[in-house]
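The values are calculated or read from the model by the stated rules, or taken from the named source; none is laboratory data. Just so it is clear, the structure is predicted and the values come from calculations on it, not from any experiment. Every residue, glycine as well, gets a Cβ built from its backbone with ideal geometry; the counts of neighbours run over all protein chains shown.
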Amino acid sequence: MNRKSLLFHDSLYYKYCFGEDHPFNPVRLHMTLDLLEHMKLINNNQIIKPDLVSEQLLATVHSQQYIDAVKQASVDPNYISTTYGLGTDDTPIFSNMHEISSLIVGGTVKAAEYVMEGECNHALNLAGGLHHSFSTKASGFCVYNDAAVAIKFLQHKYNARIIYIDTDAHHGDGVQSIFNQDPNVLTVSFHETGKYLFPGTGHIHERGEGEGFGYAYNIPLEPFTEDDSLLTVINEVLPELFESFKPDIIISQNGCDAHYLDPLTHLYATINTFAEIPKLVHNLAHTYCNGKWVAIGGGGYDIWRVVPRAWSLLWAEMNEIDITNNQLPKSWRDKWSVNAPTNLPPTMKDPKNMYEPVPRKPEIDDKNLLTVKKVLHKA
């Protein structure tokens, strides 16, 4: 184990919490870090404490009025503003919201800085990936947009060209909107079609605007897509975009809510998808970006059975360790089973025949391939 890959983490991240019954539950972070430790996949010298991002850097993405609203909400538990998306069922208020959210942004910014300065090849901030936050509004459980602030930081300090890859089941709408007119940031989002799923955007005709036209790519996928089709699509699209754009660094958002067990989506992926996606991104990082890769978290709402395994696979790949056939430590399962409402999986792999075969599989596969052809102008 060495410092070629670093993980940016603080136990204060667990305070980014909208309530015990809210689907965006920080227990998933705690379980993942604990699993990495039980599997001996991480050393203390690989864990770096983040810094609070400065308000000045936040303001490169978010309006001052919005930042002030978040600060007010941080000290007023009764604060509600539909204008700023705060105090809603979607994004409830929690204590110290501004400070905790700023710390998460600071983790992604510091990860990006460490990668660009050569302190590590790859960096991971699992609390990040808050891709639904807009310049002036919270949305989809996201207060500040850590990916967007890190991208602005990379542009201002290093004049970098950035590719942002989003494989969350929900469209990366906030990041896309912030860089919609920027030709030096390529955003690409693979997600369940907005015809059926929040946020209802991410259609193939969303290509960017002005000078940024042609620098936004959206690949909306059919419900019940499954592993084979999802991975085929990603492998068709990403290498071609890397070859044409030639980025300096990758920021990848690694939501794992495309899994069959996720309660909010319908893509029917298995854990295999979350082993294979990091392999491809890792390879592209070394092929095109001298290894420069910042990975962040994202969605994932089966916090007990899916998220810890998916994100452990991501970290293992960043460290070139194969854990796909590993058993999960009994000590870890016993520890977390006390509070889990379901049985924890015994292995990194999913069981075979986890769900009934999808009857429309050939039709779904064909529709997804047609989408790829249209996106790449090959239809």
Subset tally (residues that are out of contact with any Gly (no Cβ under 8 Å at 6 or more places or on another chain), over 21 Å from D366 (Cα atoms) and surrounded by fewer than 17 Cβ atoms within 10 Å (Cβ to Cβ)) for region 194-232
4
Answer yes if at least one residue in region 88-110 is out of contact with any helix residue (DSSP H, G or I) (no Cβ under 9 Å at 6 or more places or on another chain), modelled with pLDDT under 95, over 30 Å from I162 (Cα atoms) and not in a helix (DSSP H, G or I), and no otherwise.
yes
Single residue of region 331-345 satisfying the filter (surrounded by 12 or more Cβ atoms within 10 Å (Cβ to Cβ) and of a type outside the set (G, A, S)) that is farthest from E276 (Cα to Cα)
K335
If you check D302 against the conditions, is it in contact (Cβ under 8 Å) with a residue 12 or more places away in the chain, farther than 20 Å from I219 by Cβ and of a type in the set (D, E)?
yes
Considering (1) in a loop (DSSP other than H, G, I, E, B); (2) surrounded by fewer than 17 Cβ atoms within 10 Å (Cβ to Cβ), say which one G129 fails and leave the rest.
(2)
Does at least one position in region 343-355 carry a residue that is under 16 Å from H30 (Cβ atoms) and either of a type outside the set (K, R) or not in a loop (DSSP other than H, G, I, E, B) (or both)?
yes
In region 282-310, what count of residues is obtained for those that are surrounded by fewer than 24 Cβ atoms within 10 Å (Cβ to Cβ) and assigned to a helix (DSSP H, G or I)?
6
Report yes if some residue within region 260-272 is part of a helix (DSSP H, G or I), under 26 Å from H38 (Cα atoms) and not aromatic (F, W, Y); otherwise report no.
yes
Identify the residue in region 247-259 that is assigned to a loop (DSSP other than H, G, I, E, B) and in contact with a Gly (Cβ under 8 Å, 6 or more places away or on another chain) and, among all such residues, is nearest to R309 (Cα to Cα).
C256
Restrict the check to region 285-293 and report whether at least one residue is polar (S, T, N, Q) and under 19 Å from A169 (Cβ atoms).
no
Tell me whether region 1-9 contains one or more residues that are modelled with pLDDT of 95 or more and surrounded by fewer than 21 Cβ atoms within 10 Å (Cβ to Cβ).
no
Filter result (surrounded by fewer than 19 Cβ atoms within 10 Å (Cβ to Cβ), of a type in the set (A, V, I, L, M, F, W, C) and in a loop (DSSP other than H, G, I, E, B)) within region 111-126
none
Quick one: is S244 assigned to a helix (DSSP H, G or I), within 18 Å of Y217 (Cα to Cα), out of contact with any Leu (no Cβ under 7 Å at 6 or more places or on another chain) and of a type outside the set (D, E)?
yes
Only one of A138, A160 is of a type outside the set (D, E, K, R), surrounded by 18 or more Cβ atoms within 10 Å (Cβ to Cβ) and within 18 Å of Y16 (Cβ to Cβ). Can you tell me which?
A138
Looking at region 27-54 only, could you name the residues that are touching a residue at least 24 places away in the same chain (Cβ under 8 Å) and assigned to a loop (DSSP other than H, G, I, E, B)?
M39, L41, I42, N43, K49, P50, D51, L52, V53
